[in-house]
Amino acid sequence: MEEVTLAAIAFVGTHFLLSHPLRAPLVARVGEGGFLGVYSLVAAVTLAWLAFAYRAAPAGVPLWPVGDGLWVVATVVMLVASVLFMGSLVRNPALPDPTGRARPVPEPRGVFAITRHPMMWGFALWGVAHILVYPDPSNVVLAGAIIVLALVGAWAQDRKKARLQPDFWPEWERRTSFVPFARGLRVRGLGGHALGGGLVVWLVATWAHWPLAGWAAGVWRWVL
């Protein structure tokens, strides 16, 4: 349990350090390509450490009982997370633009009418769902690290984007919300890539628990 905690701190902490305060000095010293190499190596090593520590951790006493009610909640949460994630892959202003061209601030539609950080909230909701149905202490640490990385990372991204894109990001922040549905229950414009793609990802990912982990998840819990 102690090693899982240390590995989680290392994984999250190095991600934030390299993404923000250490990025500029490292890029100045080793260049953009060298920085990406260092970043990828550190991320891979700390993630591998976290994965091995988690697998080696003995099962602990569950922090609460888990019944069908929590499974239903977690299943719905995972579906929402999948829709948010898939919807974030299309027309996402936060993704790098290789052209670097100036662009008008769009009206938020689809998952961006829900939150301006649908991908990050997808990861965070993944963590919430896994904590709900598998409240083993080591899993709480692992999933909790993903939640912190996603949501604090989203907050830090806002600050960075506002500095780098002063003509775009502050206005995008004004039109959107950080917390889902903070500007109302707006779900218009959800396209097939979000709804259909999210449904497929949800079904495949929850089914994969059976061959990979030996237990059924999601709707498969009641049909397998």
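The values are calculated or read from the model by the stated rules, or taken from the named source; none is laboratory data. Here the structure is a predicted model, which is why all the values come from computation and not from measurement. Don't worry about glycine lacking a Cβ; one is built from the backbone with ideal geometry, like all the others, and counts go over all protein chains shown. These accessible areas exclude ligands, DNA and RNA; they are computed on the full protein's heavy atoms, side chains included. Shrake-Rupley method; radii C 1.70, N 1.55, O 1.52, S 1.80 Å.
Taken as a whole, the condition of being of a type outside the set (Asp, Glu), open to solvent by 10 Å² or more (accessible area, probe 1.4 Å) and more than 28 Å from residue 47 (Cβ to Cβ) applies to residue 182.
Among the residues of the stretch 1-48, those identified as in contact (Cβ under 8 Å) with a residue 24 or more places away in the chain and more than 19 Å from residue 150 (Cα to Cα) are 1, 3.
Considering the stretch 57-85 alone, what residues qualify as being without any contact (Cβ under 8 Å) to a residue 24 or more places away in the chain, part of a helix (DSSP H, G or I) and open to solvent by 60 Å² or more (accessible area, probe 1.4 Å)? Hits for the stretch 57-85 are 68, 72, 76.
Of note, residue 152 does not satisfy the criterion of being open to solvent by 10 Å² or more (accessible area, probe 1.4 Å), assigned to a loop (DSSP other than H, G, I, E, B) and farther than 17 Å from residue 217 by Cβ.
Per-residue answers, yes or no, for (1) of a type in the set (Asp, Glu); (2) out of contact with any Ser or Thr (no Cβ under 8 Å at 6 or more places or on another chain):
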position	(1), (2)
2	yes, yes
13	no, yes
23	no, yes
32	yes, yes
44	no, yes
47	no, yes
54	no, no
57	no, no
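Taking residue 116 as the residue in question, decide whether it is assigned to a loop (DSSP other than H, G, I, E, B), touching a residue at least 60 places away in the same chain (Cβ under 8 Å), basic (Lys, Arg) and surrounded by fewer than 14 Cβ atoms within 10 Å (Cβ to Cβ). No: the conditions fail for residue 116.
Surrounded by fewer than 16 Cβ atoms within 10 Å (Cβ to Cβ), at pLDDT below 90 and either out of contact with any helix residue (DSSP H, G or I) (no Cβ under 9 Å at 6 or more places or on another chain) or of a type outside the set (D, E, K, R) (or both): is that true of residue 189 in this structure? Judged against the criteria, residue 189 is a match. Within the bounds of the stretch 37-56, is there any residue that is over 17 Å from residue 133 (Cα atoms), buried (at least 18 other Cβ atoms within 10 Å of the Cβ) and in contact with a Phe, Trp or Tyr (Cβ under 9 Å, 6 or more places away or on another chain)? So far as the stretch 37-56 goes, yes, one or more of its residues are over 17 Å from residue 133 (Cα atoms), buried (at least 18 other Cβ atoms within 10 Å of the Cβ) and in contact with a Phe, Trp or Tyr (Cβ under 9 Å, 6 or more places away or on another chain).
Does residue 94 satisfy the criteria of being assigned to a loop (DSSP other than H, G, I, E, B), at pLDDT below 90 and crowded, with 17+ Cβ neighbours inside 10 Å? In short, yes.
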